[in-house]
Amino acid sequence: MVDYVLKSTLGCTSNSGKDKGFVPAIFPNTLLFQTYLVQHRNVQAHKRSLPLDWLMIGYATVGSNNLQRAAAFYDALLITIGAHRFIDDENFVAWAALPGSPALGIIRPNDGKRATVGNGAMIALHVPSSGLVDSMHSKALELGGDDEGEPGLRGQRFYAAYFRDLDGNKICAFNMDGNAP
C-alpha cells in the first residue's frame, strides 16, 4: 500500500519497493522518511496524496466581478470532484474536497478595482482520475467556460485539460496516472 501511494504521488516507491535505497527529496533524512512510512501505512489507495500537513498550497483564489455567477459556475463544476463550499460571504466563496485540504476560492478584489485575469496565471486542480479530467473539462464548457486545451496525455504521465471560467481565469484539471480514460 505504501508503495502504491508513493508511486501515485511521487512517481517512486519506498525502500521496500523496486527502487532500493530511495528517499524522496521532501524528506530531509531517512529516519523522517521511515517515520512517515510507519505512520501512514494504512493510507487508503483512493487517497492518492501525501498527508494534508505535507501540502504546500493552502488555497488559491481567482478574482470575479460577478461573485454570484462565478459561485454558481464553481458549485456545478467542483461537485464533479466532490468539492463543496465551506466559506460563503459577500466578498469570498471557497470550496474544498476535504476539511483542511487545499481550497479554491473566488474573491472580489479587496482594492475595489475590477478583477482581471493574470497573464500567465493558472490554477491547476489535481483530480483522482483521467476520467474526472474529462468530466471537469466537459462540465466547464457546458457551464459556459472556454476551451483552452482538450483533455489528453501530455508527456508520458501528465493527463490534463485546460479551460477558462466565466471571468476568464485559466484552470487546469490534471492527473498523473498516465492513463487515458
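The values are calculated or read from the model by the stated rules, or taken from the named source; none is laboratory data. Computed from a prediction, not measured in an experiment: that's the story for all the values here. Because the Cβ atoms are built from the backbone with ideal geometry, glycine has one as well, and the counts that use them run over all protein chains shown.
Here are a few things to note about the model shown:
- Among the criteria (1) under 18 Å from Ile57 (Cα atoms); (2) not assigned by TED's automatic domain parsing to the domain that holds Ser64, the one Trp95 does not fulfil is (2).
- Comparison of Gly120, Gly149 shows that the only residue that is at positive phi and part of a strand (DSSP E or B) is Gly149.
- When Ala160 is tested against the conditions (1) surrounded by fewer than 19 Cβ atoms within 10 Å (Cβ to Cβ); (2) assigned to a strand (DSSP E or B), the lone failure is (1).
For (1) touching a Cys at 6+ places or on another chain (Cβ under 9 Å); (2) polar (S, T, N, Q); (3) surrounded by fewer than 19 Cβ atoms within 10 Å (Cβ to Cβ), each residue gets a yes or a no:
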residue: Ala94; (1), (2), (3): no, no, no
residue: Lys113; (1), (2), (3): no, no, yes
residue: Ser130; (1), (2), (3): no, yes, no
residue: Asp134; (1), (2), (3): no, no, no
residue: Glu142; (1), (2), (3): no, no, yes
residue: Pro151; (1), (2), (3): no, no, no
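- Verdict on Ala121 being surrounded by 16 or more Cβ atoms within 10 Å (Cβ to Cβ) and of a type in the set (Gly, Ala, Ser): no
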